[in-house]
Amino acid sequence: MRVKIKFPEHMALRTFQIPVRIGDINYGGHVGNDAILSLMHEARMQLLAEAGFTELRTGGHGLIMADVMIAYRGESFYGDVLDWELFVDDCGPRSFDLLYRASTMRNGAKILVAEAKTGMICYDYEQRKIVEMDPKLKSFLSGA
């Protein structure tokens, strides 16, 4: 195991179920690495939508992804429904980490598919600069 992502001890902020689409399947017959990143984006958008946010509007500013790390743990196939657990960690005045754990149930067993992290930065797209986190976003990320 080359990439190690440390998950917080607390429970996930939210969990979302996202089905694997036929377009997510690569020539190897399983979900492609690029599709995992796309599915992470979908999970992040669903998380933000719960609070009435988008990546461009998280209360007065937007978010931009600064980095991403993905550890592939198992295969996923067309017809799987992935459970995406999302955690918040390292929340600072201008940024936070979003951690993702994707798993599916197959033949009565829980299969870990991927673990990932995105470093998210609060960003003003009009001024093209990093900004302070909006209090509404900070409250939402804290689970309040």
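Read the figures in this text as sums done on the coordinates, not as results from a lab. Keep in mind that what you see is a predicted model, and the values were worked out from it rather than measured. No Cβ is skipped: glycine too gets one built from the backbone with ideal geometry, and neighbour counts run over all protein chains shown.
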Check: Which loop GluC sites (Glu not before Pro) in segment 1-79, with loop taken from DSSP, have no more than 13 other Cβ atoms within 10 angstrom of their Cβ?
Finding: Glu9
Notebook entry, point to check: If you plug each phi of segment 25-35 into the Karplus form 6.51 cos²θ - 1.76 cosθ + 1.60 with θ = phi - 60°, what whole-Hz ³J(HN,Hα) values come out, in order, with x for Gly and Pro?
Noted result: 8, 9, 5, x, x, 10, 4, x, 4, 5, 5
Next item on the list: Amide H neighbours of Tyr123 under 5 Å, at least 5 residues apart or on other chains, H built in the peptide plane: list them.
Entry: Gly62, Leu63, Ile64, Val131
Next item on the list: Cross-chain or 8 or more residues apart, Cα under 27 Å: how many lysine pairs in the chain fit that? Count them up, please.
Entry: 11
Note to self: Neighbour counts of other C-beta atoms within 10 Å: give me Thr54, Thr118 arranged from fewest to most.
What the structure shows: Thr54, Thr118
Item checked: the chain, helix-only ellipticity at 222 nm - DSSP H runs n ≥ 4, -39,500 (n - 2.57), divided by all residues, nearest 500 -> -5500 deg cm²/dmol
Notebook entry, point to check: Across segment 102-118, in residue order, what do the Karplus-derived ³J(HN,Hα) couplings come to in whole Hz, using 6.51 cos²θ - 1.76 cosθ + 1.60 with θ = phi - 60° and x for Gly and Pro?
Noted result: 10, 9, 9, 9, 9, 6, x, 10, 7, 10, 6, 9, 7, 10, 8, 9, 10
Notebook entry, point to check: According to the Kirkwood expression over distinct Cα-Cα pairs, how big is the hydrodynamic radius of segment 14-141, in Å?
Noted result: 15.3 Å
Notebook entry, point to check: Residue by residue through segment 85-92, which ³J(HN,Hα) values in whole Hz follow from phi under the Karplus form 6.51 cos²θ - 1.76 cosθ + 1.60 (θ = phi - 60°), with glycine and proline marked x?
Noted result: 8, 10, 10, 10, 9, 6, 7, x
Item checked: Amide H partners (placed H, <5 Å) of Asp80, local residues excluded -> Val20
